[in-house]
Amino acid sequence: MNLTLLILLPFLTAILILLAKGLQQIRVIGLIGAIAQLGLAGWLLKSFLDQRSAGNNAAYLFESNQTWFKSLNINYHIGIDGIALAMILLCAVIVVAGMLVSWSMDKLSKEYFFLLVLLSMGAYGFFISLDLFTLFFFLEVAVIPKFLLIGIWGSGDKTKSAMKLALMLMAGSALVMVGLFGIYYNTHTFDMVQITQQGIPVGVQKFFFPFAFLGFGVFAALFPFHTWVPDGHASAPTAASMFLAGISMKLGGYGCLRIAALMPDAAHTYSWIIILLATIAIIYGAFATMMQTDLKYINAYSSISHCGFVILGIGMLNKTSINGAVIQMVSHGLMTALFFAAIGMIYSRTHTRMVAQLGGLLKAMPFISTVFVIAGLCSLGLPGFSGFVAEMTVFMGSWQNPNGAYRLATILSGASIVVTAVYILRATGRAIMGPISNEHALLTDATWNEKLAAVLLIVGILIIGLAPFLINHLIIPSTDAIMLQMAKVNQLK
Amino acid sequence: MTYNILILLRQELALTVLIFLLLFIKLGKDRSNENILNFINAALLINLAAGFCCQETGELFNGMFNTNTLIIFEKNLLNLAILIISMQSYAWLKNNKNVIEFYLLILTSLLGMFFMISSGNLLMFYLGLEMSTIPLAAAANFDLTKRKSSEAAMKLILSSAFSSGILLLGISFLYGTSGTLTFSILTAHINGNPLQLFAFILLIAGFAFKISAVPFHLWTADVYEGAPVAVTAFLSVISKAAVLFTLVNLLYKVFTPIASTWYLILVLLAAATILIGNLFALRQDNFKRFLAFSSIAQVGFILIGISGSSQAGAASLIYFILIYIFSNLAAFGVVSVVSSLTGKGNISDFKGFYKTNPMLSWVLTIALFSLAGVPPTAGFFGKLFLMMAGAAKGNYGIIIFAALNMVISFYYYLKVVKSIFMDENASPIQKLEVPGVSKLAMYICVVGVIVTGLASVVYDYIYSISIGL
């Protein structure tokens, strides 16, 4: 099947949205487009698994390579492995949920849905790219919609948050750009497959790895470049928060993983720095969350902590840990989107996100409260939900590293889960349990669209949590391939 | 021979014929401005279309004038730009008494640039340069009732005269050390002796004045602010483009023996230009001043591309200029419409602009994103290719510096977008009735901004006709 469909479909949806009239038409088109995309992703999964079980062991399936800028040797080279496919599925689910959550967005609805679709298009393009130039192109395509979404439809100090987010992400991509130039001028290609075959000279790797990795790290909220996360997420409208945390931060994690695979020698050299930064992010994020009183800030800071696990898994550079990192990306995407959706539902009814002003919501809105609790439990890593599977895999992977300092990092990161439990349970207890205030007692529960969005995300979480072998089956061959690549280049040296 | 002259000089001749036609129209009976403007726009369109046929290579007047596919393409770019500027000025010129004079001035200036781009001799180059500068100063003074306009003209003519003087001094030193002014012979005589280097630095300084590279940029902001929008657009796009084309031609073909020297000069100029342009652009509220400083920063990026001194370097310059024509002129188009219909020209006036004028807002936003270098607009490709060309030399320091500066520039472009979309304003600019011609010009620009980048044929074509060191 042709992967370009994954970009064309959102593109078509975007055009139709521009032509549509009235909120009703726009949101229906948006939703239909998103569901079609989910169907497409499902079909992609099926044909991917079919091909794999038929014995097709190529690193990337559905490859297609077209010349783009001939004179500069830039190609539109696309193809997916299991990891990219997992990310595409994640995107598709979150986009549908995001459309459902935005059902009653009546302020400039055309622009709003258009930008959401544009953002998702950037993400799909990013995940299918095998050419670094194309990858970079789509990475930046996704930046501007975020800026506008937060700045126009956001709440609180929205313009400042939007500006901060856009500038930090642009700075990240500027770093990525320098790294990519370095790779290009030493291998004369942007093609990841070719680069893997050729290998990059060790000296070049050591010089350019920090640029590329840190650049993507900004997107993945790597400490100390995480400061855009809390403000950006907190100010964004609900669907944009879901997209930001669920999709956009994954662009960073995925990019980091690819860069580490392309420059394995440098990744080994710098792994202690990566792990150090990741551990700081995990612990700092967890403790910073404890101090928050606003539900969105709680989730945003906890995202820093959770995304730290992704970077930690990548930094440990072994098969299990990288596997865990990928699962954590998917799990965190679903979980945090669910969390933001629940917070958005609560906020649209109570008009406050302050934990202290809420209470006893379970009585007025049982469905939303249940969703909130599920998201919280997933976040603190309760077995049965995806968070447990992901974090467990990361820890198992990291523990395989015999180095004492690395073990210490693992223990410290593991300990952060206790802190997570504290802030999640506290917020849940205050907001959901207890007596309800009079003004909140008459609020209504979730509408059909909100229920559908939540159910969709919860199903995703449960699938990973209860049947982790499904996702493992999808991504393990790909992590194997990455480990093999890394080992091969090591031998070349 | 006559036939040859007609063919090789056809772009210049076409402009000359148009200029004379306008003179006759001026002498004839009074016609309405709309008719005149429509006629001129149609003529410029034909002029542009005609430019693409008969791509003959050759030289005239003993090598004084030469032309080839690349030069024809460069002139076509300028033809395109003047057409867009002319279409966008419709609202402004519709009620102006001196329409024809305006066109006489800017077309003469364009003619001078054509000769400058085609020059094969420093004298011809200087002749073209002066021919392009002096009418521009008059055009800058076109708002006769505004003091700022005449101030702008005065500043332009004085600084131009000064830079021409420096340029002439450089040219005479070059002549003194080499005994020739013809490009093709000059190369063999360039040996990098101190006087020659001094002459070269004077020459570069003269160029830097014209493209307003730091530290020779001081005239730019005042002139841009005072001059009518159309003239500002002309100055910032066409004038710069023509000088840059000539500069690349000189550097890549004539001054090849001292390539390492000018590489250093270019990099230093580029770094200073980007930084100063950016820092000053941060604090501007007047839209034209803002675009002036942003265009200074853009020139810095262009210089980085040129410093790459490869075929990709020259190609990325021309490619970027094409994109710059679309994106900068789209921005100027909106500013021109707004200022001619409401008299407002500050960024703060644009607060809440989206509520009343969504179409114009999108045009401006897309233009600014392209200037900032955000995909999927063409500006992304343009800037990236310039930087790639610069990185080819392996000097990553300047690339990192430029990449960080891209982030700064991103900030001030976003600030404008923020005013348009996000800021509240009790009394935003009212809904504007944009003339159809101006609207068409804006649409052309927007389509250009989007298509030029994604359609790789454009770049590949430019690359195939470019020259490298």
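Applying 1/(1 + (r/R0)^6) with R0 = 25 Å to the Cβ-Cβ distance of A:S348 and A:V455, what FRET efficiency is obtained, to the nearest 0.05?
The calculated FRET efficiency here is 0.85.
In nm, to one decimal, how far is the modelled label at B:Q430 from the one at A:F469, with both set 7 Å along Cα→Cβ?
A separation of 7.4 nm, rounded to one decimal place.
Mind checking which lysines have their Cα closer than 27 Å to the Cα of B:K26? Skip sequence neighbours fewer than 8 apart in that chain.
Candidates past the 8-residue exclusion: B:K75, B:K94, B:K97, B:K146.
List, in order, the whole-Hz ³J(HN,Hα) value for each residue of region A:264-278 obtained from phi through the Karplus relation with A = 6.51, B = -1.76, C = 1.60 and θ = phi - 60°; use x for Gly and Pro.
x, 4, 5, 4, 5, 4, 9, 4, 5, 5, 4, 5, 4, 4, 5
Which ³J(HN,Hα) values, rounded to whole Hz and listed in residue order, are derived for region A:397-411 from phi using the Karplus coefficients 6.51, -1.76 and 1.60 in 6.51 cos²θ - 1.76 cosθ + 1.60 with θ = phi - 60°, glycine and proline given as x?
Whole-Hz 3J(HN,Hα) from phi for region A:397-411: x, 5, 5, 5, 7, x, 4, x, 5, 5, 5, 4, 4, 4, 5.
As a test of reading the structure, rank A:D50, A:D131 by solvent-accessible area (1.4 Å probe, protein chains only), most first. If you can, show how the numbers build up before the last one.
Working: A:D50 75, A:D131 0 Å².
My answer, sorted largest first, is A:D50, A:D131.
Which far-off residues, 5 or more places away or on another chain, put their amide H under 5 Å from the one on A:D131, with H placed in the peptide plane?
Those qualifying (amide H under 5 Å, at least 5 residues apart or on another chain) are A:H77, A:M192.
What residues in region B:452-469 lose 20 Å² or more of accessible surface when the other protein chains are added to their chain alone (1.4 Å probe)?
B:L454, B:S456, B:Y459, B:D460, B:Y463
Scattering from the C-alpha atoms of region B:2-465 alone, worked out with Debye: what is log10 I(q)/I(0) at q = 0.09, 0.12, 0.13 1/Å?
Log10 of I(q)/I(0), two decimals: -0.55, -1.01, -1.21.
If you average the alpha carbon positions of region B:163-212 and of region A:168-195, how far apart do those two centres end up, in angstrom?
Result: 39 Å between the Cα centres.
Could you compute how much accessible area chains B and A hide from each other, both sides summed, with a 1.4 Å probe? Nearest 100 Å² is fine.
3400 Å²
Per residue, what accessible area does region A:301-429 have, given a 1.4 Å probe and all protein chains present, in Å²? It would help to have the intermediate numbers written out before the result.
Details: 3680 Å² over 129 residues.
Result: 29 Å² of accessible area for each residue.
According to a simple spin-label model (label point 7 Å from Cα along Cα-to-Cβ), what is the distance in nm between B:F198 and B:I467?
2.9 nm
What ranking of B:V447, B:V335 comes out by heavy-atom accessible area, probe 1.4 Å, highest first? Provide the component values of the computation, followed by the final result.
On the way: B:V447 85, B:V335 5 Å².
Largest accessible area first, the list is B:V447, B:V335.
Within straight cross-link reach of B:K439, meaning Cα distance under 19 Å, which aspartates and glutamates are found once same-chain residues fewer than 8 apart are removed?
B:E34
Put simply, what bits of region B:413-437 lose 50 Å² or more of accessible area when the other protein chains are there, versus the chain on its own (1.4 Å probe)?
Buried on complex formation: B:L414, B:M422.
For region A:5-492, restrict the atom set to alpha-carbon positions and state the Rg and Dmax in Å.
In Å, with Rg to one decimal and Dmax whole: 21.2, 71.
Could you list which residues have their amide H under 5 Å from that of A:T67, counting only those 5 or more apart in sequence or on another chain, with H placed in the peptide plane?
Placed amide hydrogens put A:Y76 under 5 Å from A:T67.
With runs of 4+ DSSP H residues as the only contributors, calculate the mean residue ellipticity of the protein assembly as shown at 222 nm using -39,500 (n - 2.57) per run, divided by the residue total and rounded to the nearest 500.
Per the formula, -25500 deg cm²/dmol.
Provide the per residue accessible area, probe 1.4 Å, for chain B, rounded to a whole number of square angstrom.
Working: 15870 Å² over 469 residues.
Per residue, chain B has an accessible area of 34 Å².
By how many nm would the segment from B:K26 to B:S184 grow when fully extended, if each residue of separation counts as 0.36 nm and the alpha-carbon distance is taken off? Write down the numbers at each step before the final one.
Numbers: separation 158, 0.36 × 158 = 56.88 nm, distance 4.24 nm.
So the chain would gain 52.6 nm between B:K26 and B:S184.
Considering only protein heavy atoms, what is the solvent-accessible area of B:K253 at a probe of 1.4 Å, reported in Å² to the nearest 10?
Here the residue's solvent-accessible area equals roughly 100 Å².
At what distance in nm do the modelled label points of B:V451 and B:A161 sit from each other, each positioned 7 Å from its Cα along Cα→Cβ?
It works out to 4.6 nm between the two label points.
Students often get this wrong, so check it: of B:K288/B:K355; A:K250/B:K355; A:K250/A:K363; B:K210/B:K253; A:K107/B:K344; A:K296/B:K383, which have C-alpha atoms separated by over 30 Å?
Working: B:K288/B:K355 23 Å; A:K250/B:K355 34 Å; A:K250/A:K363 35 Å; B:K210/B:K253 20 Å; A:K107/B:K344 28 Å; A:K296/B:K383 37 Å.
The pairs that break the limit, which is 30 Å between Cα atoms, are A:K250/B:K355; A:K250/A:K363; A:K296/B:K383.
In sequence order, what are the phi-derived ³J(HN,Hα) couplings for region A:48-54 according to the Karplus relation 6.51 cos²θ - 1.76 cosθ + 1.60 with θ = phi - 60°, rounded to whole Hz, with x for glycine and proline?
Running phi through 6.51 cos²θ - 1.76 cosθ + 1.60 with θ = phi - 60° gives 5, 5, 4, 5, 5, 6, 7 Hz.
Let me cross-check A:D445: its accessible surface, 1.4 Å probe, with only protein heavy atoms counted, in Å² to the nearest 10?
Spelled out: A:D445, probe radius 1.4 Å, area about 40 Å².
Once the piece of chain linking A:A441 and A:I411 is laid out straight, how much longer is it, given 0.36 nm per residue of separation minus the C-alpha distance between them? Don't skip to the end; give the middle numbers.
Working: separation 30, 0.36 × 30 = 10.80 nm, distance 4.38 nm.
The span from A:A441 to A:I411 would gain 6.4 nm if fully extended.
Using a 1.4 angstrom probe with every protein chain in place, what is the largest-first accessible-area order of A:I458, A:I195? Could the numbers behind the result be given before it?
On the way: A:I458 25, A:I195 0 Å².
Final ranking, largest accessible area leading: A:I458, A:I195.
Take the Cα pairs of the protein assembly as shown, get the Kirkwood Rh, then feed it into Stokes-Einstein at 4 °C and 1.567 mPa s and tell me D in µm²/s.
On the way: Rh = 29.6 Å.
The estimated diffusion coefficient comes to 44 µm²/s.
Report, to one decimal in Å, the Kirkwood hydrodynamic radius for region B:341-383 based on all distinct Cα pairs. Display every interim value, and only then the final one.
Numbers: mean 1/r = 0.0877 Å⁻¹.
Every distinct Cα pair counted, the radius reaches 11.4 Å.
What number, in nm² with one decimal, is the all-direction average of the projected area of the convex hull of the alpha-carbon atoms of region B:333-438? Please list the in-between numbers first.
Values: hull surface 30.5 nm².
For the Cα atoms of region B:333-438, the hull's average projected area reads 7.6 nm².
Give me, ordered by chain and number, the residues 5 or more places off B:G345 or on other chains with an amide H under 5 Å from its own placed amide H.
Answer set, sorted by chain and number: none.
Which aspartates and glutamates, if any, have their Cα less than 12 Å from the Cα of A:K70, not counting same-chain residues under 8 positions apart?
By straight Cα distance, A:K70 reaches B:D460.
Within region B:308-326, what residues put their amide N at less than 20 Å from the label point 7 Å along the Cα-to-Cβ vector of B:Q55?
Within reach of a label on B:Q55: B:311-323.
Carbon and sulfur together cover what percent of the accessible area of chain A at a 1.4 Å probe radius? Walk me through the numbers on the way to the answer.
On the way: 10880 of 15900 Å².
Accessible surface attributable to carbon and sulfur in chain A totals 68 percent.
Would you mind telling me the share, in percent, of accessible area of region B:2-465 contributed by carbon and sulfur at probe 1.4 angstrom?
Values: 10380 of 15540 Å².
On region B:2-465, the fraction of accessible area on carbon and sulfur atoms equals 67 percent.
Which value, in Å² and to the nearest 10, is the accessible area of A:K206 when all protein chains are kept and the probe is 1.4 Å?
80 Å²
The values are calculated or read from the model by the stated rules, or taken from the named source; none is laboratory data. Remember, predicted model here, so these are calculated numbers, not experimental data. Positions of Cβ are backbone-derived with ideal geometry, glycine not excepted, and every protein chain shown enters the neighbour counts. Accessible surface is based on the protein model in full, side chains and every heavy atom, while ligands, DNA and RNA are left aside. Shrake-Rupley method; radii C 1.70, N 1.55, O 1.52, S 1.80 Å.
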